[in-house]
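What follows is a single structure, written as structure tokens, with notes after it.
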Amino acid sequence: MFEDTACGRSCFGWCGEDDAWRDACGVFGIYAPGEDVANFTYFGLYALQHRGQEGAGIAVWDGKSLRHHKGLGLAAQVFNEQIIEDMAGDIAVGHVRYSTTGGNTFVNTQPMVGEGKWGPFAVAHNGNLINSAALRHDLEARGIEFHATSDTEVIVKLIEATDEATIEGAVAEAMKHMRGAYSLGIVAPGKLLAVRDPNGVRPLAVGQFNGSGWIVTSETCALHVIGAEFVREVQPGEIVTLSADGLSAMQAVDPGRKSCCIFEFIYFARPDSHIYGKSVYMARLRMGHLLAQQAPVEADLVMPVPESALPHAMGYAQVSKIPYGEGLIKNRYIFRTFIAPDQRLRDLGVKMKLSPLRENLAGRRVIVVDDSIVRGTTTGPEVELLREAGAREIHLRISSPPIKYPCFYGIDTSAGRKELIAARLTVPEIRAHLNSDSLEYLDIKNLVKAVGLPKTNFCTACFDRQYPIPVPREIKVTKFDLEKAKEKAEAEVAG
Ligand code: SF4
């Protein structure tokens, strides 16, 4: 799966957006009076840019007021030196966005601001509320007005609507009503809050900065960038407050079954991050090891689909003892474009993004390792590119199980099951569709083994339909399901 330059809904497909699941956001916060908090937040967002490229924003508390700046696009497109300089303050929270609930519009960019009894606040959210429509309906019935369409605004309005005198009390009250995945960074007068849903679906960590400063971040990779040290993860159902009094925490709601998204280990998180104390890079390497044991094949070369599958392919090569090498070179300078795609342009898109390395491919039997296949729309053209370059055999090895079910916890799968190739076709049918000589997926047991923690720590619902947080029927039943049900009913009548 390609991993960068996602541009949202309409592009050539050069960025690989047409066959990638995008994580729903990155959150970064800093409590550090006397430091250049806006600048550090910008660096933090830069480190988390892979988690969202549709929008970016920063909100800063300067001791008297809350200021914010947001926009559509990458952090580097939204901010410049002058904007950052004008945002001097003591506490900041920042956000990079990829949309799930709510479209990619300016009003849906984050952080989103609100006003409570304690003063102003701003919320940055990674995840997705599965009951946001019902909550919004209830709030609107109470006369509360909305200006955006995202679930983050629902969170802000819920917090505003409580009678609590403190931000912690208001957030705890709001959490009683929120269902789904949410990792939040919240800036309020004199405080930075880190909040995680009762199942801990999306990661959220706390770090220490320059002795008395604090960091909140979706991923630990952003700690290294600014020289902060990891302290601990925010626990499921917990509110952590970082202020002049140091770190304090409260269990706001009872924790549920731990359900960290296992896809963070496969693809979403940066390989230099740690989750649950486990190295994402090492987990990916072990996925490659186990894939080689589970699905061996004779070949001359093991190659990754660049760049997200690098550690997976390296692991496969280490165990198989087949030489590792590059077979596709990625153009790193493909940028966002908004020309409506058609199939011809999509085909061109893969060629714009990847070039085959004939010297490594001609006459060879090649094992191509990728981290996942979502829709299968880019894998077929990749196989074609390799064949055109002279590869004699092409064996696809995927270091995750087939993705058969949509995600409702912060990944955009709005098109439902019908977009997932493994929901429509069997593995042999997918192989035939992609025109590879063989195709094997890592099984779920080996995936969990590679991460090195019990399965009960994880959400694996997109592979096995075991949704840890019950999903309301109205959003779970997709058009695809309805079509299937209709087909079944028609077949029964015909039979
Ligand atoms: S359904 Fe899949 S992508 Fe979504 S949280 Fe669960 S494991 Fe992650």
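Please go through the range 421-450 and pick out each residue that is within 15 Å of the ligand (Cβ to nearest atom) and in contact with a Lys or Arg (Cβ under 6 Å, 6 or more places away or on another chain).
Ala422, Ala423, Val448, Ala450
Just to check your reading of the model, which residue among Met303, Met287, Met314 is surrounded by fewer than 24 Cβ atoms within 10 Å (Cβ to Cβ) and touching a residue at least 24 places away in the same chain (Cβ under 8 Å)?
Met314
Tell me yes or no: at least one residue of the range 165-173 is open to solvent by 10 Å² or more (accessible area, probe 1.4 Å) and among the β-branched types (Val, Ile, Thr).
Yes; the residues of the range 165-173 include at least one that is open to solvent by 10 Å² or more (accessible area, probe 1.4 Å) and among the β-branched types (Val, Ile, Thr).
Find all pairs meeting these conditions: Cβ atoms under 7 angstrom apart; at least six residues apart or on different chains; first residue within the range 458-471 and in contact (Cβ under 8 Å) with a residue 40 or more places away in the chain and near the ligand (Cβ under 6 Å from one of its atoms); second residue open to solvent by less than 20 Å² (accessible area, probe 1.4 Å) and small (Gly, Ala, Ser).
Cys459/Ser259
Could you please find all residues in the range 33-48 being part of a helix (DSSP H, G or I) and open to solvent by 10 Å² or more (accessible area, probe 1.4 Å)?
Matches in the range 33-48: Asn39, Phe40, Tyr42, Phe43, Tyr46.
Just give me the residues in the range 223-248 being of a type in the set (A, V, I, L, M, F, W, C), open to solvent by less than 30 Å² (accessible area, probe 1.4 Å) and closer than 17 Å to Ile186 by Cβ, in sequence order.
Hits for the range 223-248 are Val234, Ile239, Val240, Leu242.
Kindly establish whether Ile144 is in contact (Cβ under 8 Å) with a residue 12 or more places away in the chain, β-branched (Val, Ile, Thr), open to solvent by 10 Å² or more (accessible area, probe 1.4 Å) and closer than 23 Å to Val201 by Cβ. Write out each step before concluding.
Values: in contact (Cβ under 8 Å) with a residue 12 or more places away in the chain: yes; β-branched (Val, Ile, Thr): yes; open to solvent by 10 Å² or more (accessible area, probe 1.4 Å): yes; closer than 23 Å to Val201 by Cβ: no.
The answer is no for Ile144.
Could you list, in sequence order, the residues of the range 252-269 that are within 16 Å of the ligand (Cβ to nearest atom) and either in contact with an Asp or Glu (Cβ under 9 Å, 6 or more places away or on another chain) or in a loop (DSSP other than H, G, I, E, B) (or both)?
So in the range 252-269, the residues within 16 Å of the ligand (Cβ to nearest atom) come out as 256-269.
Once the filter is applied, which keeps residues that are within 16 Å of the ligand (Cβ to nearest atom) and either in contact with an Asp or Glu (Cβ under 9 Å, 6 or more places away or on another chain) or in a loop (DSSP other than H, G, I, E, B) (or both), the range 252-269 yields Gly256, Arg257, Lys258, Ser259, Cys261, Ile262, Phe263, Glu264, Ile266, Tyr267, Phe268, Ala269.
Specify which of the listed residues (Arg196, Arg179) is at pLDDT 95 or above, under 30 Å from Asn457 (Cβ atoms) and surrounded by 24 or more Cβ atoms within 10 Å (Cβ to Cβ).
Values: Arg179 fails: surrounded by 24 or more Cβ atoms within 10 Å (Cβ to Cβ).
From the options Arg196, Arg179, the qualifying one is Arg196.
Consider Gly256 carefully, then state whether it is surrounded by fewer than 21 Cβ atoms within 10 Å (Cβ to Cβ) and touching a residue at least 24 places away in the same chain (Cβ under 8 Å).
yes
Which one is most open to solvent (accessible area, probe 1.4 Å) among residues in the range 49-92 that are touching a Ser or Thr at 6+ places or on another chain (Cβ under 7 Å) and of a type in the set (A, V, I, L, M, F, W, C)?
Leu72
In this structure, does Ile398 turn out to be modelled with pLDDT of 95 or more and either at positive phi or within 16 Å of the ligand (Cβ to nearest atom) (or both)?
Here the answer is yes, as Ile398 does meet what is asked.
Can you spot a residue in the range 232-251 that is part of a loop (DSSP other than H, G, I, E, B) and within 13 Å of the ligand (Cβ to nearest atom)?
Looking through the range 232-251, none of the residues is part of a loop (DSSP other than H, G, I, E, B) and within 13 Å of the ligand (Cβ to nearest atom).
Out of all the residues in the range 371-394, is one or more in contact with a His (Cβ under 8 Å, 6 or more places away or on another chain), open to solvent by less than 10 Å² (accessible area, probe 1.4 Å) and more than 16 Å from the ligand (Cβ to nearest atom)?
Scanning the range 371-394, I find at least one residue that is in contact with a His (Cβ under 8 Å, 6 or more places away or on another chain), open to solvent by less than 10 Å² (accessible area, probe 1.4 Å) and more than 16 Å from the ligand (Cβ to nearest atom), so the answer is yes.
Out of the residues in the range 271-284 that are within 16 Å of the ligand (Cβ to nearest atom) and surrounded by 20 or more Cβ atoms within 10 Å (Cβ to Cβ), state the one that is farthest from His312 (Cα to Cα).
The qualifying residue farthest from His312 (Cα to Cα) is Ile275.
So, of the residues in the range 424-449 that are farther than 30 Å from Arg387 by Cβ and in contact (Cβ under 8 Å) with a residue 40 or more places away in the chain, which turns out to be most open to solvent (accessible area, probe 1.4 Å)?
By that ranking, first place goes to Lys449.
The values are calculated or read from the model by the stated rules, or taken from the named source; none is laboratory data. Small disclaimer: the values here were computed from a predicted structure and weren't measured. With ideal geometry, Cβ positions are generated from the backbone for all residues, glycine too; neighbour counts draw on all protein chains shown. Keep in mind that these areas ignore ligands, DNA and RNA; they rest on the heavy atoms of the full protein, side chains included. Shrake-Rupley method; radii C 1.70, N 1.55, O 1.52, S 1.80 Å.
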